[in-house]
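For reference, the structure discussed in these notes is given below.
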Amino acid sequence: MSTFKKTAAVAIFALFSSAAYATSAYVDQFISFTDGAGVDKSASAQGGFNSAYPVSVNPTIATGAPVTGEWVSLPQDYMATYGFNGQQATGTIGIFSVANGANEVASVFGRLNSAAAWSLIGTVTEGGGVGLGPQSSFLTLTSAISQVMVKSHGSAGASPGFDLMGIQGTGMVTAPVPEPETYALMGLGLIAVFAHRRKAAYV
């Protein structure tokens, strides 16, 4: 293989091999916390039991790995939206709720990006057991998503509604944007290929 072709091959390989794969990841981006009318309610988000109200809880508490005793409660028809920064889930979506919940139900939606329409992934039921640790429910994905929305359907327990502790994706795919050096290398490789072809045509 000529030097020109080798340079082009290396450039193209560098571009397409930049995608990396990870087994699982928790959402790391808070997007919104709204009521049924789409009004921002993030400043009034609550967590814990009625005896502690009114207690303000930052909705970002549901990012990262779930922590025992920490959650965000979604009243009926409220929606919490989170994202995987620079990643896409392709396997399953795990919704973590409080183990000692009230069997409240929530719908889970997903989409690839903010320009795409939401698609229903399935429904999950909050724990009905003992303790304030996390309980997980996993839903299988049929397409890749980078954003997840959880919508509560009840307020049956001691807290305002569905108690969200965390969201995890599996089959994660990371596709970082190539650095300028990668583009430059690819460009040089393509120029070399065209130059070599042109030279060969005149020989």
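The values are calculated or read from the model by the stated rules, or taken from the named source; none is laboratory data. Keep in mind the model is a prediction, meaning the values are calculated, not measured. Note that we place each Cβ from the backbone using ideal geometry, even for glycine, and neighbour counts take in every protein chain shown. Protein only, heavy atoms only, side chains kept; ligands, DNA and RNA dropped before computing areas. Shrake-Rupley method; radii C 1.70, N 1.55, O 1.52, S 1.80 Å.
Quick one: in segment 166-183, of everything that is among the small types (Gly, Ala, Ser) and at pLDDT 55 or above, which residue is farthest from Glu70 (Cα to Cα)? Only one residue fits best here, namely Gly171. Restricting Ser114, Ser155, Ser159 to those that are in a loop (DSSP other than H, G, I, E, B) and open to solvent by less than 30 Å² (accessible area, probe 1.4 Å) reduces the list to Ser159.
Give the residue that is modelled with the highest pLDDT, with candidates limited to residues of segment 26-66 that are among the small types (Gly, Ala, Ser) and open to solvent by 60 Å² or more (accessible area, probe 1.4 Å). That would be Ala37. Across segment 136-152, the qualifying residues are those that are touching a residue at least 24 places away in the same chain (Cβ under 8 Å), farther than 24 Å from Thr34 by Cα and of a type outside the set (A, V, I, L, M), and the one among them that is most open to solvent (accessible area, probe 1.4 Å) is Thr140. When Phe96 is evaluated against the numbered criteria (1) among the aromatic types (Phe, Trp, Tyr); (2) modelled with pLDDT of 85 or more; (3) open to solvent by 40 Å² or more (accessible area, probe 1.4 Å), which criterion, by number, is the only one it fails? Tallying (1) among the aromatic types (Phe, Trp, Tyr); (2) modelled with pLDDT of 85 or more; (3) open to solvent by 40 Å² or more (accessible area, probe 1.4 Å), Phe96 fails exactly one: (3).
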